[in-house]
Amino acid sequence: MKLSRRMILQGAGALPFAVASLRTGALAQPASEAKSSEVPPILFVHGNGDYDALWMTTLWRMESNGIAPDRMLAINFTDPNARSDDKVEQANRSSTEDQRRELAAAIAELKRSTGAARVALVGSSRGGYAIRNVIKDGGAGDVSHAVLCGTPNHGVFATDDPLGSEFNGRGAFLRGLNEGESEVTPGLAFLTLRSDGMDKYAQPDGRFIGKAGVPTGVTAEGPELKGATNLVLGALDHREVAFHPRAFREIYKFIAGREPARIAIVPEQSVRLSGLVTGTPGGVPTNRPVAGAAVDIFRVDPETGERKGTAVHSSKTGPDGRWGPAEVDPAWSLEFVLTSPDAPTTHSYRSPFPRSSDVVHLRAARPLGPADKDAGAVVIMSRPRGYLGLPRDVMLLDGKEPADVKPGVPTDAAATLRLSAAEVGRNVVAQFNEERIVARAWPASENRIAIAELTY
């Protein structure tokens, strides 16, 4: 079934929001019409190269609608990047079978911890492949709902080369998942969410995969599945169809069987933060823990980015890569300083966290490269849960639209500002729709990079 919501969901203007975060421990639950016991446990599955922290805002919204934290789980795949050829081993990358195996174990753990017979699965992009693979490989009896957000179900491309890629609609992996008259398992509730033409991985022309002018063999309808409920969420981008408030509404409604009582995130009075430090061995982002990394957290002035006093938290990671916990005020703007072995010192500036979270994951910024050789300071605006769209979004970095963000279909998740040595130490404002973060320019000569990391 295909239901178009173009008229009511067209565009991607920001909804009013309240900042917040995932939590650990027993924290106050907001009053809500929802009862956790009425909704199956939910397991969230991230996409290619990503990590579980991307589901943070979705989890906050679920909690704000009465879903208990212990009835939700977000998997963190060990090696989130796909292999170039699914059947050929590649360092720090995973096969479809690796992901299927890890997801099956996570399903078993969530069933065990909750006592539930079935769980609902929600996947972003490549995460939908793992969900479909688990279901097809005999796991249908463990699953009540399957929600696939921007999953390239018919490939990012469908060509004769390279057939070994799991993203090739003509390859063995996707042909196996899509065989048969119905592309979903009978008796299991399937929902797909897709963009109305703004998904970089559902385009008829190959320009976004480095093959401009070459037909990909797929269209904007590529994420849809025969036999599923297929919804179009307007001009949202590839990541927003999983992490945007509009996507949350459809995910919640499909699993719970009713509209959410609220979209805004309900804040808490006490906030406790912790997370994981991960690395990029061989230049490949992984979710493998980094030991011996130092994490320092400072309260900063939201208007200037200047520190207010000494560090409010300092810790060093052990073999498990975990940092924290840190107790912070829900109104504080924060600077996270990550000093990680063999990597730039990374200063991450974040909006306040009015809810607790144990997935405030940190990964060192990319190394300073040839393009940075003349820069006195490097400041990056990063949007993990969506792309930067021009002219779709209001976007200013240091008072100007970023020159390195391409207009049209949103394809860039970060923008870089390079400043002269004379500008080291000044503040830089990153504005994206309704979210505003002020960072400080740190000296590149000391191997430091600043990141204004957007939450929404």
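The values are calculated or read from the model by the stated rules, or taken from the named source; none is laboratory data. Keep in mind that what you see is a predicted model, and the values were worked out from it rather than measured. Glycine also receives a Cβ, built like all others from the backbone with ideal geometry; neighbour counts cover every protein chain displayed. Quick note on the areas: whole protein, heavy atoms, side chains included, nothing else; ligands and nucleic acids left out. Shrake-Rupley method; radii C 1.70, N 1.55, O 1.52, S 1.80 Å.
On the range 264-422, 54 percent of the accessible area sits on carbon and sulfur atoms, based on a 1.4 Å probe.
Ranking of V266, V184 by solvent-accessible surface, largest first: V266, V184 (1.4 Å probe, protein heavy atoms only, all chains present).
Round to the nearest 10 and give me the degree value, 0 to 90, for the angle of helix 245-256's Cα axis relative to the longest principal axis of the chain. Helix 245-256 and the main axis of the chain meet at about 40 degrees.
Measuring with a 1.4 Å probe in the full set of protein chains, what accessible area per residue, in whole Å², belongs to the range 95-245? Solvent-accessible surface per residue comes out at 35 Å².
Apply the a/c threshold of 1.5 to the C-alpha gyration tensor of the range 314-456 and tell me whether it is rounded, prolate or oblate. Judged from the Cα gyration tensor, the range 314-456 comes out oblate (a/c at least 1.5, b/c at or above a/b).
The protection proxy used here, the mean number of other Cβ atoms lying within 10 Å of each residue, ranks peptides 103-114, 330-341, 351-362 as follows, highest first: 351-362, 330-341, 103-114. By DSSP, the beta bridges lying fully in the chain are antiparallel in about 50 percent of cases. The string of couplings for the range 99-104 from the Karplus curve (6.51, -1.76, 1.60, θ = phi - 60°) is 5, 4, 5, 5, 5, 4 Hz, one whole number per residue in order, with x for Gly and Pro. For the chain, the relative contact order works out to 16 percent when only alpha carbon pairs closer than 8 Å and six or more residues apart are counted. If R0 is taken as 45 Å, the Cβ-Cβ distance between A421 and R258 corresponds to a FRET efficiency of 0.20.
Length available on full extension from R101 to D301: 0.36 nm per residue minus the Cα-Cα distance, which gives 67.5 nm. Checking the cross-link pairs K211/K406; K111/K253; K200/K406 against a 19 Å limit on the alpha carbon distance flags K111/K253 as lying beyond it.
Within a straight-line Cα-Cα reach of under 27 Å, K308 can be paired with the following lysines, leaving aside sequence neighbours fewer than 8 residues apart in one chain: K316. The simple Förster model, with R0 at 35 Å and r as the Cβ-Cβ distance, assigns D412 and K316 a FRET efficiency of 0.55. With an a/c value of 1.5 or above and a/b not larger than b/c for the gyration tensor axes a ≥ b ≥ c computed over the alpha-carbon atoms, the range 305-379 is described as oblate. Site pair L163 and K136 shows an inter-label distance of 1.6 nm when each label is modelled 7 Å from Cα along Cα→Cβ. Label the range 186-278 by shape, choosing from rounded, prolate and oblate, from the square roots a ≥ b ≥ c of the eigenvalues of the Cα gyration tensor; if a/c is under 1.5 it is rounded, and otherwise prolate applies when a/b is larger than b/c, oblate when it is not. Oblate, because a/c is 1.5 or more while a/b does not exceed b/c. Placing unit charges on the Cβ atoms only, positive for Lys and Arg and negative for Asp and Glu, gives the chain a dipole magnitude near 480 debye about its Cα centre. Between T339 and T78, the contour length at 0.36 nm per residue exceeds the Cα-Cα span by 91.8 nm. Taking every DSSP helix (H) stretch of at least 4 residues in the chain, weighting each as -39,500 (n - 2.57) and dividing the sum by the residue count yields a mean residue ellipticity at 222 nm of -4000 deg cm²/dmol. The packing ranking, built from the mean of other Cβ atoms within 10 Å per residue, places the peptides 267-280, 211-224 in the order 267-280, 211-224, highest first.
Of all DSSP beta bridges confined to the range 136-219, the antiparallel ones make up roughly 25%. Each peptide among 228-239, 317-328 gets the average number of other Cβ atoms lying within 10 Å of its residues, and from highest to lowest they stand as 228-239, 317-328. If R0 is 30 Å, the Cβ-Cβ spacing of A189 and T219 corresponds to a FRET efficiency of close to 0.75.
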